[in-house]
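What follows is a set of notes on a single structure, which appears directly below.
The values are calculated or read from the model by the stated rules, or taken from the named source; none is laboratory data. Not measured: the values here are computed from a predicted model. Positions of Cβ are backbone-derived with ideal geometry, glycine not excepted, and every protein chain shown enters the neighbour counts. When the accessible area is computed, the model is the full protein with side chains, heavy atoms only, and any ligands, DNA or RNA have been set aside. Shrake-Rupley method; radii C 1.70, N 1.55, O 1.52, S 1.80 Å.
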Amino acid sequence: AQRVTQPEKLLSVFKGAPVELKCNYSYSGSPELFWYVQYSRQRLQLLLRHISRESIKGFTADLNKGETSFHLKKPFAQEEDSAMYYCALSGGLHGNKLVFGAGTILRVKS
Amino acid sequence: NAGVTQTPKFQVLKTGQSMTLQCAQDMNHEYMSWYRQDPGMGLRLIHYSVGAGITDQGEVPNGYNVSRSTTEDFPLRLLSAAPSQTSVYFCASSSGQAGSNEQFFGPGTRLTVL
């Protein structure tokens, strides 16, 4: 069964502090992993995907198949990073089906 | 391009009423899906479609029907609304091409069932 676990409902950090949003997954094949972000009053949007291996808005995420993790990291948090972050997995016959984690609210305090 | 549009933005129903949530996309995407977002549960897939005339059930399909008569439109029908269907509903679309699984989301419909 496909499952995505985000253990933290809320992560609160001070501006300038490092951020790590945790994501663990279970999947028997080779999944695609994504991070989606939802800023206040905006629609859900893709932040980054493991295939592209790029940094977006200072965020990076590395797929660790041994630990089945895809943690989202940023060295210095900014207030505008405050949002809801969802880790998602895509795999199987219909690769576009996404399984989402419960989400983590990131609050960056000044 | 308008992207993915959803109507209405807000809706209040009484138990037992029916309604249709509209979703349209102008990106010629083959793949469309409906999710519901509930606190502490993330987004859960209700139904999806891989092309016009083809639909399938997701994780939580009970109480919902869909159809896909055109590439652009993917309406979600609640036949007899229940309080458990109070949620925020998101429609999404993607090109469906290998290596291009980014899904584009609509703004959401906030539904309350009394």
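Numerical summary
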| read-out | value |
| --- | --- |
| Separation of the residue A:79 and residue B:57 label points, Cα + 7 Å toward Cβ, nm | 4.9 |
| Table column - 3J(HN,Hα) (Hz), the stretch A:64-80, Karplus curve with 6.51, -1.76, 1.60, x for Gly and Pro | 10, 5, x, 9, 6, 10, 8, 6, 9, 10, 8, x, 9, 6, 10, 4, 6 |
| Net dipole in debye of chain A [+1 Lys, Arg Cβ; -1 Asp, Glu Cβ; about Cα centre; nearest 20] | 200 |
| Accessible-area ranking of B:49, B:95, B:84, A:12, largest first, probe 1.4 Å | B:84, A:12, B:95, B:49 |
| The protein assembly as shown: radius of gyration and largest Cα-Cα distance (Dmax), Å | 17.5, 51 |
| Listed pairs A:73/B:9; A:65/A:97; A:9/A:97; A:22/B:14 exceeding 31 Å between Cα atoms | A:73/B:9; A:22/B:14 |
| Residue (of B:112, B:64, B:5) at the positive-pole extreme of chain B, dipole from beta-carbon charges | B:112 |
| FRET efficiency, 1/(1 + (r/R0)^6) with R0 35 Å, evaluated for residue B:17 and residue A:62 via beta carbons | 0.15 |
| Debye, to nearest 20: dipole size of chain B, +1 on Lys, Arg Cβ, -1 on Asp, Glu Cβ | 460 |
| log10 of Debye I(q)/I(0), alpha-carbon scatterers only, for the stretch B:52-104 at 0.14 Å⁻¹ | -0.47 |
| Within chain A, longest stretch clear of exposed trypsin sites (Lys or Arg not before Pro) (DSSP loop, no more than 15 other Cβ within 10 Å) | A:66-110 |
